Amino acid sequence: NAWPGLECFCCKMMYSRGFQVQAFVEALLQNLVLVAPTGSGKTLVAVMLLARMRQLNPLRLAVMVVDRIPLVYQQGCVVERQTRMRVCFLCSESKTQKVLSLLKDNHYDVLVSTAGSLLELLHSGGF
């Protein structure tokens, strides 16, 4: 398969709740802020969007920004598990020269990062 995660993506779409599919489609058409209770499936919508954007832009790095270090690992693992894309986990704990080098060499499909680590990366010219 030329696009990692395609079969997972199609499967997720089939088993998604109606509001998730609706939010996914609306987010493809326009900017969208999805507000829903904990456990309702917002992450699945985000994963479907990341997967679709990666499919449309295979040479670009998809980016997910989270506000806390534990979420870097939690959300990154969900993206990995549900899409089979190569995920870079970036936060103050994981920001090693090896990780930054692999990121710069396009080793990853998705970057999951805290806002602070992403800003530092951008300011340092790491991209």
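Structure notes:
- Calculated on C-alpha atoms, the gyration radius of the stretch 17-71 divided by its Kirkwood radius gives an Rg/Rh of 0.97.
- Computed over the alpha carbons of the chain, Rg followed by Dmax gives 14.6, 43 Å.
- Amide H partners (placed H, <5 Å) of Met64, local residues excluded: Leu111, Val112, Ser113
- Karplus (6.51, -1.76, 1.60) ³J(HN,Hα), θ = phi - 60°, over the stretch 115-121, in Hz, Gly and Pro reported as x: 4, x, 5, 5, 4, 4, 4
- Val63/Thr38 FRET efficiency (R0 41 Å; Cβ-Cβ; nearest 0.05): 0.95
- HN-Hα J in Hz across the stretch 17-23 - Karplus 6.51, -1.76, 1.60, θ = phi - 60°, x for Gly and Pro: 6, x, 5, 5, 5, 4, 5
- Solvent-accessible surface (1.4 angstrom probe) belonging to Ser101, in square angstrom, nearest 10: 60
- Spacing of the modelled spin labels on Gln22 and Leu71, each 7 Å from Cα toward Cβ, amounts to 2.4 nm.
- Taking every DSSP helix (H) stretch of at least 4 residues in the chain, weighting each as -39,500 (n - 2.57) and dividing the sum by the residue count yields a mean residue ellipticity at 222 nm of -16500 deg cm²/dmol.
- Counted charge near Arg54, where neighbours are those whose Cβ lies closer than 9 Å (Asp, Glu -1; Lys, Arg +1): +1
The values are calculated or read from the model by the stated rules, or taken from the named source; none is laboratory data. Keep in mind that what you see is a predicted model, and the values were worked out from it rather than measured. Neighbour counts run over all protein chains shown; Cβ positions are idealised from the backbone, glycine included. In case anyone asks, the SASA skips ligands and DNA or RNA and just uses the protein heavy atoms, side chains included. Shrake-Rupley method; radii C 1.70, N 1.55, O 1.52, S 1.80 Å.
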